[in-house]
Amino acid sequence: MMKLWNARLKLEKRMNKMDKEVLYGKNAVIEALRAGRKVHHLLVSRETLKKEGELRKFIHDLKVSHELVDTKKMKQVAHQKYQISGQLQGVVAVVDEYEYLDLDQLIKKCENQEKPAFILMLDGLEDVHNLGAILRSAEAVGVDAVIIPKHGTVSLNGAVARLSAGAIEYVPVVQVTNLNRTVERLKKAGIWFVGTDANESKDYRAVDVTMPVCVVIGSEGRGMSRLMKETCDFLVHLPMVGRITSLNASVAAALLMYEVFNQRNPIE
């Protein structure tokens with residue numbers, strides 16, 4: 001009976017790995033192909049295929065199953081066949097589902113690398129545009145991983161992949177059930193936490209972020225949760241002299257990520 005149960009678990013695990021998702025947008029699809037994500041089928045407009053030599057090469061070399069349609073029909077076919085709409089940019093791909101990084105793997109990675117850990121944690125982010133932009137900036141500065149909660153916030157999907165311009169393929173993302181427990185585990189691994197808060201906090205340029213660090217970005221409207229604020233080792237704010245007293249979450253995240261990058265990579 002136990003052998004049968006174990007065999008069933010293994011089969012379910014294999015089936016889960018075979019889950020598929022739909023990506024759309026030229027950069028998102030091409031970066032997925034470059035990164036080696038398994039592509040099962042492509043829907044491509046004839047005009048796009050003529051312009052994109054690299055896409056033609058991938059289809060030829062990888063023998064990717066594909067369907068050609070006219071640009072005018074592209075949106076109609078994409079909506080009917082895959083229930084998607086928006087800025088398709090002439091290409092839709094059915095690919096293997098994004099594989100999240102395990103928290104244990106992230107901790108092991110940070111412990112074994114020479115450079116100090118650089119992690120980003122998103123506490124309650126809900127907007128796909130912000131997540132896509134954050135992943136794009138995270139890839140640019142070499143963030144080790146982005147941590148997001150499993151419930152109540154935005155997760156990775158085709159829209160995020162397009163908005164990240166394909167950066168989703170190169171930035172490891174860890175999805176966790178409980179952020180506060182995750183903080184406890186990372187602190188035990190020697191990670192310091194820097195959170196954003198407008199009140200009773202330091203100028204973000206005054207905090208040393210050359211040590212192993214996790215930068216926490218709160219939700220678009222509410223900011224970080226109370227528990228997260230209490231857990232952070234440092235609270236920082238972005239000084240502003242204009243009349244608008246808040247910044248978009250992805251802009252704030254980019255500024256903080258580049259502060260970490262700048263401190264660790266000073267101009268000689």
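The values are calculated or read from the model by the stated rules, or taken from the named source; none is laboratory data. This one's a predicted model, so the numbers in the text were calculated from it and none came from an experiment. As a convention, Cβ positions derive from the backbone with ideal geometry for all residues, glycine included, and neighbour counts pool all protein chains shown. Side chains included, ligands, DNA and RNA excluded: accessible areas come from the protein's heavy atoms. Shrake-Rupley method; radii C 1.70, N 1.55, O 1.52, S 1.80 Å.
Side notes on the structure shown:
- Search result, residues across region 59-93 that are within 18 Å of residue 46 (Cα to Cα), of a type in the set (Val, Ile, Thr) and under 22 Å from the mean Cα position of the chain (by Cα): 91, 92
- A Cβ distance below 6 Å, combined with a sequence gap of six or more or placement on separate chains, defines the contacts here; from region 188-199, residues that are part of a loop (DSSP other than H, G, I, E, B) reach residues that are open to solvent by less than 10 Å² (accessible area, probe 1.4 Å) and not β-branched (Val, Ile, Thr) in the pairs 191/117; 191/214.
- Matching residues, region 55-72, being touching a residue at least 24 places away in the same chain (Cβ under 8 Å) and either loosely packed, with under 11 Cβ neighbours inside 10 Å or under 17 Å from residue 88 (Cα atoms) (or both): 55, 66, 67, 68, 69, 70, 71
A quick yes/no check of all residues on (1) out of contact with any Leu (no Cβ under 6 Å at 6 or more places or on another chain); (2) open to solvent by less than 10 Å² (accessible area, probe 1.4 Å); (3) farther than 22 Å from residue 246 by Cβ; (4) of a type outside the set (Phe, Trp, Tyr):
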site: 137; (1), (2), (3), (4): yes, no, no, yes
site: 140; (1), (2), (3), (4): yes, no, yes, yes
site: 151; (1), (2), (3), (4): yes, no, yes, yes
site: 175; (1), (2), (3), (4): yes, no, yes, yes
site: 184; (1), (2), (3), (4): yes, no, yes, yes
site: 187; (1), (2), (3), (4): yes, no, yes, yes
site: 192; (1), (2), (3), (4): yes, no, yes, no
site: 196; (1), (2), (3), (4): yes, no, no, yes
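- Flag if residue 125 is modelled with pLDDT of 95 or more and either open to solvent by 30 Å² or more (accessible area, probe 1.4 Å) or on the phi < 0 side of the Ramachandran plot (or both): no
- Residue 144 satisfies every condition listed in (1) over 20 Å from residue 109 (Cα atoms); (2) at pLDDT 95 or above except (1).
- When the test is whether a residue is touching a residue at least 24 places away in the same chain (Cβ under 8 Å), farther than 18 Å from residue 28 by Cα and hydrophobic (A, V, I, L, M, F, W, C), residue 44 does not pass it.
- Residue match in region 164-173 (condition: β-branched (Val, Ile, Thr) and open to solvent by 10 Å² or more (accessible area, probe 1.4 Å)): no
- Within the option set 171, 183, being within 18 Å of residue 105 (Cβ to Cβ) and either touching a His at 6+ places or on another chain (Cβ under 7 Å) or part of a loop (DSSP other than H, G, I, E, B) (or both) holds for one residue only, 171.
- For residue 95: the one exception among (1) surrounded by fewer than 21 Cβ atoms within 10 Å (Cβ to Cβ); (2) touching a residue at least 24 places away in the same chain (Cβ under 8 Å): (1)
- For residue 51: the one exception among (1) touching a Gly at 6+ places or on another chain (Cβ under 9 Å); (2) at pLDDT 95 or above: (2)
- Of everything in region 120-152 that is assigned to a loop (DSSP other than H, G, I, E, B) and touching a residue at least 60 places away in the same chain (Cβ under 8 Å), the residue that is nearest to residue 230 (Cα to Cα) is 124.
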